[in-house]
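We did not get these values from a lab; they are worked out from the coordinates using the rules stated. What you see is a predicted model; the values in this text were computed from it and never measured. As a convention, Cβ positions derive from the backbone with ideal geometry for all residues, glycine included, and neighbour counts pool all protein chains shown.
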Amino acid sequence: MRRTPLWASLPEADQELILPKLELLKAGANETIAAQGEGAQSLFYLLTGTVRLVRLDQNGRRIVSGFGFGGNLSADRGDFLGLGFDDVFPYSIEAVTDAALWRFPRAELMALNEGNLDLKEQISGMASQEYHRTQTHLDTIMEGAVQAKLARFLLVLAERIGHADPGGTKVSLSMTRQDIADHLWHSIESISRAFTTLRDAELIGYQEDQPHLVVFNKTSLSSIALDAD
């Protein structure tokens, strides 16, 4: 936590003020961390694990708006959640895997924000990232066949959490096929067929006994992602 830009932007006196009020949360797979519509009194920093951001539309349809990813206990790659809105959570935060998060008191962090230009810039930037991820979801699902939507989704994952691999870019697919289907607004059967199509075209592959997918050819996958037909 101390290595994140947000924490580094706090003066030492403010760090000492807020540190005792941080709470380490641990959530098991499929546990709800925050519920859609409840008061947003807290902000979260995801240390480890993967979470899904789920909302129900007016017809009760389950929509996975996005995913949050942790870094590790000593890195600064984890996602902040809850900065892009004010009063209530517009979605539920659910653990996909076992997860660990820091919970911040929102009001106190925002009060510190008023007198700290660096902190204000950090919060503004992370709020923009949270909004951008939501917009990316809309862009992903708006156009194209299911293969194009899946290709765009995998490219986003490769950019956010991918690691270099001798054969390409390795991505950990910690979410389920149903999560991906609810994210891309397609049936799980369509998503499974799209995965098979991309695999048969040797654009992606799987590592045995591990939840890892390897993107073999990002250039060709990008061409499919641009297909709006």
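How high is the FRET efficiency from Glu23 to Arg55, r the C-beta distance, R0 25 Å, rounded to 0.05?
E(calc), rounded to 0.05, equals 0.50.
Could you please report the charge total around Ala95, scoring K, R as +1 and D, E as -1 over all other residues with beta-carbon less than 15 angstrom from its beta-carbon?
Around Ala95, the charge tally is -2.
Quick check: convex hull over the Cα atoms of region 144-225, volume per residue in Å³, rounded to an integer?
Convex hull volume per residue, Cα atoms: 86 Å³.
Show the residues, 5+ positions off or on another chain, whose built amide H is closer than 5 Å to the amide H of Leu43.
When sequence neighbours closer than 5 places are left aside, the close amide H contacts are Phe104, Arg106.
Taking 0.36 nm per residue of sequence separation and subtracting the Cα-Cα distance, how much length would be gained by fully extending the chain between Asp200 and Glu159, in nm to one decimal? Can you show the working numbers first?
On the way: separation 41, 0.36 × 41 = 14.76 nm, distance 2.27 nm.
Gain on stretching Asp200 to Glu159: 12.5 nm.
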